[in-house]
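Colleague: My questions will all concern the structure given below.
Rule-based calculations on the coordinates, nothing more; no lab input. Keep in mind the model is a prediction, meaning the values are calculated, not measured. Because the Cβ atoms are built from the backbone with ideal geometry, glycine has one as well, and the counts that use them run over all protein chains shown.
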Amino acid sequence: MLRTLYKAKYLKVYRLWLLPLLAVALYSCEGSDAQRQSYSEQQRQFFPVERTSEYDRPSSLIAALEDSSSYWVDSVFNTLTPDERIAQLIIIEAFSNKGPKYEADVMRLIKEYKVGGIIFFQGGPVRQAKLTNQYQAASKVPLWISMDAETGVGMRLDSAVEYPSQQMLGALTDNELIYRMGEEVAQEFKRLGMHINFAPVADVNNNPKNPIISYRSFGEDKYDVAAKSIAYMQGMQDGGIMAVAKHFPGHGDTDVDSHYDLPVIPFGRDRLDSLELYPFREMIRHGLGGMMVAHMNIPKLDPTKNVPSTLSEPIVTGLLKQQLNYKGLIFTDAMVMKGVTKYFEPGEAEARALMAGNDVLERLNSVPKAIRAVKAAIESGDLTQEEIDRRCKRILAAKQWLGLDKYKPVPLENLYEDLNPPIADLINKNIAEHAITLLNNRKKMLPIRPSSRMSIATVSIGASRVTAFQRQVGQLTEKTDDFYISRKADGKETKKLWKKLKKYDVVLVALYGPYNRPSNDLGYSEGATKLVHQLSKSNKAVITLFNNAYTLNQFPDIEDSRALLVGYQAYFHAQAAAAAVIFGKVPARGKLAVTVNKHYAFGDGIYLNQPFIAGP
């Protein structure tokens, strides 16, 4: 089947369909007078009363970075000391759930060193918005605010929407849904006063044992990964947020987590060109604003011993900038990760990262050590002040394109409601209904047509109470008996439950993992695994896995089940969609984005579009 890249022109039908559902949110609260006054006073030192011209915002971030004529950029730049220009290349971490002492430490870095930006992690939206306003009010130059939010702000914050994992998005045959999700993620970012999302993951995950990418990837096929990455990127960037693709030059075929060690990639340029680099090349061609470089040792690209790709001039400058002609901003992966700190000390690592060609240093061990090391590199001639100045101006140009030349505090009024709009719920529902993947349907088990003579049981394995799936099933058929059992259940418990389940005509089984998001290891006990095996062999079970597709391998003979579906994760809409597919309320349309084993390969998925018909 001919694969084509996602094209924006196909969005029109979907946008028109969604347009009547969109509501315009009017934000009236502009923050406190004290916040406005504090920031206004800071601005006076680099914003003259009279401006020579208004900013004509370029159509793309790349165009903004290439434009050297911005009055605002020059005005801000000319107020910065050499040390402050280095600090503009730094993004520090921040949490909104660590208390006043931690917040004071972040504030100190902003006031004392004039860092360029923040990456927020766990916390709550109102707390984060308040901190953002405080940090911005204290900053000499507007901070760009970022988040590592591959599945939306709900990935990091409570009380906010989380969207599906990229593996679930990989099951979609309609990439317009991903574009629309990207647009909505951008709106939620802007509502929280954020500007950069470190997403999408453009890695081709072709190693089922990958401990760090796995379900975070769109899949194992480079064409699908490229198309879906572009759709997500364009949705965010059309919404005014910078997308930063990761993890260049490709982290999909490794069994080492770079958070804890330095992965070694044995492949040469031919292999990388034919597979890993393909999505990144295509994203560059389609206007990618930011690129994150991974911490990986690739000897065939750079023979320097133990050097991560982040610190490699042949990889960052030679490959990415010169050979792939990338003009966007280049970000390091977090500089606190063992993939870089194992062999390089704080400070030295940051200086080497800039020498390699990166523009932005993300999440440092020590800001003062980094600035001192960069200054030492300038004094020794390994870096030049001109190079630092050029990168600083590019960052300021990006800030202007993102709207920071007209910064306003984050309004707190109606923040929760604005971060949980009806359209987000609709997007999640549509994605789930298009992604549920049917792998087995022996003897046309599905769709189930209940009758008064049919006895149906539901069982949730890995649950401590009746689940959303079971409640949704209860709304689609008159009578079911519902059971649940821990994934750690012992043999005595599972034997007792199996004895009860044997008497039913149909058993609807839901399998869950230990976390809200997909996991690589479900951690099932021997008894729970045996129960799944018995159900698979029973010729009466419909089994749905609400987890990472790769975890099908943890269940011997699950391929023998009468009907088997993959729901990918346990969020509500996936559970509701699985129930709807089972009873014929919606079609089964998803396709596996990865090869799980010899039974289930990339692209597998039974299309089932048989409407429910009442009666026997």
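Colleague: Give the lysines whose C-alpha is closer than 21 Å to that of Lys327, dropping any in the same chain fewer than 8 places away, or say none.
Modeller: The qualifying lysines are Lys246, Lys393, Lys399.
Colleague: Here is a follow-up. Tell me the net charge near Pro587. Cut-off is 14 Å between Cβ atoms, Pro587 excluded, with +1 for each Lys or Arg and -1 for each Asp or Glu.
Modeller: +1
Colleague: Would you please give the residues with an amide H less than 5 Å from that of Tyr484, counting only those at least 5 places away or on a separate chain, with H modeled from the backbone geometry?
Modeller: The list, which skips near neighbours in sequence, is Ser460.
Colleague: Name the shape class, rounded, prolate or oblate, that the alpha-carbon gyration tensor gives for segment 436-582, where a ≥ b ≥ c are the square roots of its eigenvalues, rounded holds for a/c under 1.5, and otherwise prolate holds if a/b is larger than b/c and oblate otherwise.
Modeller: rounded
Colleague: Among 395-402, 283-290, how do they line up from the highest to the lowest mean number of other beta-carbon atoms within 10 Å?
Modeller: Result, highest mean Cβ count within 10 Å first: 395-402, 283-290.
Colleague: Please enumerate, by chain and number, the aspartates and glutamates with C-alpha under 20 Å from the C-alpha of Lys101, excluding those fewer than 8 residues away in the same chain.
Modeller: Qualifying aspartates and glutamates at Cα under 20 Å: Glu93, Glu112.
Colleague: Calculate the spin-label point distance for Ser159 paired with Asn207, positioning each point 7 Å from the Cα along the beta-carbon direction, and give it in nanometres.
Modeller: Computed distance between label sites Asn207 and Ser159 equals 4.1 nm.
Colleague: Less than 18 Å from a label point 7 Å out along the Cα-to-Cβ axis of Asn365: which backbone N atoms in segment 308-323 qualify, by residue?
Modeller: Answer for this model: 308-312.
Colleague: Looking at (i) 46, 27, 22; (ii) 39, 35, 24; (iii) 54, 38, 20, which value of semi-axes √(5λ) of the Cα gyration tensor in Å comes from a calculation on the structure shown?
Modeller: Calculated semi-axes √(5λ) of the Cα gyration tensor in Å: the matching label is (i).
Colleague: Here's a follow-up. Under 5 Å between amide H atoms, partner at least 5 residues away or on a different chain: which partners does Thr544 have, H built in plane at 1.01 Å?
Modeller: Placed amide hydrogens put Val509, Ala510, Leu511, Leu565 under 5 Å from Thr544.
Colleague: Does segment 209-275 come out rounded, prolate or oblate by the C-alpha gyration tensor, with a ≥ b ≥ c the root eigenvalues, rounded set by a/c under 1.5 and, if not, prolate when a/b is larger than b/c and oblate if not?
Modeller: Details: a/c = 2.11, a/b = 1.60, b/c = 1.32.
Prolate shape, in that a/c is at least 1.5 and a/b is the bigger ratio.
Colleague: Return the sequence-ordered ³J(HN,Hα) values of segment 238-249 in whole Hz as given by the Karplus equation 6.51 cos²θ - 1.76 cosθ + 1.60 applied to θ = phi - 60°, using x for Gly and Pro.
Modeller: Each residue of segment 238-249 in turn: 5, x, x, 10, 7, 8, 10, 6, 8, 10, 4, x Hz.
Colleague: Just to be sure I understand: of the beta bridges DSSP finds with both ends in segment 436-582, what percent are antiparallel, rounded to 5?
Modeller: Counting DSSP beta bridges with both partners in segment 436-582, the antiparallel share is about 15 percent.
Colleague: Oh, and also: Of Leu89, Leu109, Leu324, how do they rank once you tally other Cβ atoms within 10 Å and put the fewest first?
Modeller: Leu324, Leu109, Leu89
Colleague: By how many degrees, between 0 and 90 and to the nearest 10, does the Cα long axis of helix 99-113 differ from the longest principal axis of the chain?
Modeller: Tilt of helix 99-113: around 40 degrees.
Colleague: Which percentage, to the nearest 5, of the DSSP beta bridges contained in the chain is antiparallel?
Modeller: Details: 5 of 51 bridges.
DSSP beta bridges in the chain are roughly 10 percent antiparallel.
Colleague: Still on this structure: What distance in nm separates the two pseudo spin-label positions at Asp505 and Arg108, each 7 Å out from Cα along the beta-carbon direction?
Modeller: Between Asp505 and Arg108, the label points sit 7.1 nm apart.
Colleague: For the pair Tyr223 and Arg269, how long in nm is the line joining their label points, each one 7 Å along Cα→Cβ?
Modeller: Calculated label separation equals 2.7 nm.
Colleague: While we're here: Where in segment 86-104 does the label zone of Glu379 land, with the point 7 angstrom along Cα→C-beta and an amide N cut-off under 19 Å?
Modeller: Those under the cut-off are 86-87.
Colleague: Follow-up. Among the aspartates and glutamates, which have Cα under 14 Å from the Cα of Lys305 when same-chain residues fewer than 8 positions away are ignored?
Modeller: Glu313
Colleague: On a 0 to 90° scale, report how tilted helix 491-501 is relative to the longest principal axis of the chain, with both axes built from alpha carbons and the result rounded to the nearest 10.
Modeller: So the inclination is approximately 60 degrees.
Colleague: Order by neighbour count: Ser75, Ser217, Ser312, fewest other Cβ atoms within 10 Å first, most last.
Modeller: Numbers: Ser75 17, Ser217 28, Ser312 25.
Sorted ascending by nearby Cβ count, the order is Ser75, Ser312, Ser217.
Colleague: Tell me the angle of helix 422-435 to the major Cα principal axis of the chain, expressed in degrees between 0 and 90 and rounded to the nearest ten.
Modeller: The angle comes out at about 60 degrees.
Colleague: Now, a different point. Could you give the length gained on full extension between Gln475 and Asn609, defined as 0.36 nm per residue of separation minus the Cα-Cα distance, in nm?
Modeller: Details: separation 134, 0.36 × 134 = 48.24 nm, distance 2.04 nm.
Gain on stretching Gln475 to Asn609: 46.2 nm.
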